[in-house]
Amino acid sequence: MKTSSMKLVLGLGTLVLMCAAIVSSEEFEEGKHYKIIEKQSETQSDEETTAEDETSDETAESDTDDPDSANGISVVEYFSYGCNHCYRLEPFIDTWMAEKDEDVTFSRVAAPTRTDWVPYARAYYMAEALGITEKVHDLIFRAIYVNKQQMDRPRQLKRMFVNVAEVEAEKFDAMWESDKIPDMVQKAAIEMRDLGISASPTIVVNGTYLITPETAGDLGYIFDVVEFLVDKIKAEREADQTTDTNESTG
């Protein structure tokens, strides 16, 4: 009996390893595991384009001034504190962040995909503007999903920001009432519209590829697809450089 049981355990272990190998070596498919983002329609009105260009001038200038931006690869999460799937994705982000290549950058955009999620977007941009995101990001998620607190209310946010991040109460009030935070929320909404994002979490790789839990198949596979796309981008760049070199020396 012991011998049979041992064989069964070893057999199951081998099967698990085989399945893991199959998953790890999988070639993810465009249109199935990820989508290519359709570029913004050229029929957009001139007035709307001008308004959006004015709000993004600072960002464009900072990207242009960065000599490494053209060589790096960006990964952006469009998320909301009101999204349970975003909360569940956090451990996978932390694991991937600890292992990602140095030339791959990660950032977040707070997604106001629903009217009742706008206060959550404001909470994120409040933390960003005050420079306390690292101190309160995880705490906001935990307050909502572990402690069952309503963090879409200014009073609750203010208490956390003041007690945990030592933000002055008057500074919080002034920031909350200013136009800066609503403008950031609006900019995020425009960005999402232009990229065709309607739900969270959504991951965009290098402004070109879009991944959701549905396309990846599961939250746990999202960053497998991300890494696949990062490798794909790097391989394509290397191929282009080789072609350019051959043409210049030919």
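The values are calculated or read from the model by the stated rules, or taken from the named source; none is laboratory data. Since the model is a prediction, treat every value here as computed from it, not as a measurement. Cβ: placed from backbone, ideal geometry, glycine included. Neighbour counts: every protein chain shown. Surface areas here come from the heavy atoms of the whole protein model, side chains and all, with no ligands, DNA or RNA. Shrake-Rupley method; radii C 1.70, N 1.55, O 1.52, S 1.80 Å.
A few notes on this one:
- Sequence-distant residues sharing a close amide H with Arg108 (under 5 Å, placed H): Glu77
- Note, ³J(HN,Hα) from phi for segment 173-187, Karplus 6.51, -1.76, 1.60, rounded to Hz, x at Gly and Pro: 4, 5, 5, 4, 8, 6, 7, 4, 5, x, 5, 5, 5, 5, 4
- Note on Met160: accessible area approximately 20 square angstrom, rounded to 10, probe 1.4 Å, nucleic acids and ligands left out.
- Once backbone amide H atoms are built at 1.01 Å from N, Tyr34 has Glu29 as its partners under 5 Å, excluding neighbours fewer than 5 places away on the same chain.
- Charged-residue dipole, Cβ positions (Lys, Arg, Asp, Glu), segment 137-250 about Cα centre, Debye nearest 20: 720 debye
- Annotation: amide H of Ser200 has no partner in the under-5 Å range at sequence separation 5 or more or interchain, hydrogens built in the peptide plane.
- Average accessible surface area per residue within segment 91-247, 1.4 Å rolling probe, Å²: 54 Å²
- Paramagnetic reach from Glu214 in segment 94-116 [backbone N under 16 Å; point 7 Å along Cα→Cβ]: 113-114
- Vicinal HN-Hα couplings computed from phi for segment 95-100 (Karplus, 6.51 cos²θ - 1.76 cosθ + 1.60; Hz; Gly/Pro x): 5, 5, 4, 6, 10, 5
- Measuring max minus min along each principal axis, the C-alpha atoms of segment 100-250 give extents of 67, 34, 27 Å (largest first).
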